[in-house]
Amino acid sequence: MPASRLFAAFLLALSSAVAFAQAAQKAPAAYEPTVGQEGKDVVWVPTPQAVVDKMLDMAKVTSKDFVMDLGSGDGRTVITAAKRGARAVGVEYNPDMVELSKRNAEKEGVAGKATFMKADLFETDFSQATVITMFLLPDINIKLRPKILSLKPGTRIVSNSFTMGDWKADETAELNSEQGCNNSWCTALLWIVPARVEGTHKVPQGELVLKQEFQMLSGTLRTGGKNLALQGKVNGEEIAFRAGGREYRGRMNGKQLELR
C-alpha cells in the first residue's frame, strides 16, 4: 500500500479514536444512589418492595387516589402506586434522585401518572392528597404531624417503621422473610386522619360531651337523666363509642354530629 494511503488510514483511525474519547467524556455515567447517602433531612435507605406493597395495601390505594410520597428517593413507592392506577407525586430534595425517579417511571411505563418534584417537604402543599406515604425519622414525623392532622378527615397516612410519637397507629403490620422482607425496615404503619369532634353536641339521645386525643375519644353521654361515661374512637368522619353497655355510631357532617 502506498505511503500516502497508509498515512490517510492512520489519520482516519486517529480521528475516530479522538471522537470516541470526546463522546465518552460528554456522556457521564448514569447516576446511581448509594444506600446511606446523606440527604437534607434523612439518609437514603430504600423501602423494601414488599413493605411498599403492604403500605399501599393498608391504605387501600385505588385509581381514585392521589398519593404523595414525602422523601421519594428512587421513586419506587410512587411508581408502585401509579401501577395501581393512582395519580402519584414524589417530593424529593435531591435533584439527582428526582431525575433518576423520572427515568425509572419511564422504564416502568407510568410516567403519565408518576411525577416527581424537587422540593422541601416542609414547604410542600399536600392538602389535596388522599394518601401520604413516607419513610422519615420520628422527629421529622413529629414536625409534620400538625400539618398532617389538618388534612381532610379520612386521609390515610402510611409510614415505613417510624411512628408519630403519641399519635398511635390505627394499624400495624410486621413483615418477615417469607413475606419478602429480609432487613430491619419491615414494619408498615397506618393512620387515618380523624375529624375534630371534641366539644358538646346536642343529639336526639341527649347531650354528648366528647374529649378527643387524636383518634381516641372519652367523655359522657347525658341521656334519660343519667350521665354515662364513654370510650370510643374516630375513624375519618365516623365515630363509634360505648356508653351504658350500648354501642353508638355517628358521623360528622360539617360541624354537625349525627348520632344513631
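What are the pairs with Cβ atoms under 8 angstrom where one residue, in the range 161-186, is closer than 20 Å to residue 43 by Cα and the other, located anywhere, is assigned to a strand (DSSP E or B) and open to solvent by 80 Å² or more (accessible area, probe 1.4 Å)? Sequence gap at least six, or different chains.
186/174
Among the residues of the range 112-138, what is the count of those that are assigned to a helix (DSSP H, G or I) and in contact with a Gly (Cβ under 9 Å, 6 or more places away or on another chain)? Can you show your working first?
Residues of the range 112-138 assigned to a helix (DSSP H, G or I): 121-123, 138.
With the extra rule that they be in contact with a Gly (Cβ under 9 Å, 6 or more places away or on another chain), the set shrinks to 121, 138.
Adding up the residues that qualify gives 2.
Do we have residue 179 as surrounded by fewer than 17 Cβ atoms within 10 Å (Cβ to Cβ), out of contact with any Asp or Glu (no Cβ under 9 Å at 6 or more places or on another chain) and either closer than 15 Å to residue 149 by Cβ or modelled with pLDDT under 95 (or both) here?
yes
Which condition from (1) crowded, with 19+ Cβ neighbours inside 10 Å; (2) of a type outside the set (Val, Ile, Thr); (3) at pLDDT below 95; (4) closer than 26 Å to residue 256 by Cα is the one that residue 205 breaks?
(1) is the only condition that residue 205 fails.
With respect to the numbered conditions (1) of a type in the set (Ser, Thr, Tyr); (2) open to solvent by 40 Å² or more (accessible area, probe 1.4 Å); (3) within 23 Å of residue 131 (Cβ to Cβ), which one is the sole condition not fulfilled by residue 31?
Just one mismatch for residue 31, condition (3).
List pairs: first residue in the range 30-41 and at negative phi, second residue outside any loop (DSSP other than H, G, I, E, B) and among the β-branched types (Val, Ile, Thr) anywhere in the structure, Cβ distance under 8 angstrom, at least six positions apart or on different chains.
Cβ pairs passing all conditions: 41/140.
All but one of (1) surrounded by fewer than 17 Cβ atoms within 10 Å (Cβ to Cβ); (2) closer than 26 Å to residue 131 by Cβ; (3) of a type in the set (Val, Ile, Thr) hold for residue 200; state the number of the condition that does not hold.
Failed condition: (2).
Just the residues that are among the basic types (Lys, Arg) and under 22 Å from residue 59 (Cβ atoms), please, taken from the range 80-132. Working first, answer last.
First pass over the range 80-132, keeping only residues among the basic types (Lys, Arg): 83-84, 87, 102-103, 107, 113, 118.
Of everything in the range 80-132, those that are among the basic types (Lys, Arg) and under 22 Å from residue 59 (Cβ atoms) turn out to be 83, 84, 87, 113.
Helices (runs of 4 or more DSSP H) wholly in the range 1-90 with at least 2 residues that are closer than 30 Å to residue 169 by Cβ and modelled with pLDDT of 85 or more - which ones?
Numbers: elements: 3-26, 49-58, 76-83.
Counting at least 2 such residues, we get 49-58, 76-83.
Conditions tested, residue by residue: (1) assigned to a strand (DSSP E or B); (2) closer than 23 Å to residue 253 by Cβ; (3) of a type in the set (A, V, I, L, M).
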| position | (1), (2), (3) |
| --- | --- |
| 188 | yes, no, yes |
| 194 | no, yes, no |
| 200 | yes, yes, no |
| 208 | yes, yes, yes |
| 211 | yes, yes, no |
| 217 | yes, yes, yes |
| 221 | yes, yes, yes |
| 228 | yes, no, yes |
| 233 | yes, yes, no |
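Could you list all residues from the range 147-177 that are part of a helix (DSSP H, G or I) and under 16 Å from the mean Cα position of the chain (by Cα)? If you could, list the steps in order and put the result at the bottom.
Filtering the range 147-177 down to residues part of a helix (DSSP H, G or I) leaves 147-149, 177.
Once the filter is applied, which keeps residues that are part of a helix (DSSP H, G or I) and under 16 Å from the mean Cα position of the chain (by Cα), the range 147-177 yields 147, 148, 149.
The values are calculated or read from the model by the stated rules, or taken from the named source; none is laboratory data. Predicted model, so just to flag it, every value in this text is computed and none were measured. Positions of Cβ are backbone-derived with ideal geometry, glycine not excepted, and every protein chain shown enters the neighbour counts. Side chains included, ligands, DNA and RNA excluded: accessible areas come from the protein's heavy atoms. Shrake-Rupley method; radii C 1.70, N 1.55, O 1.52, S 1.80 Å.
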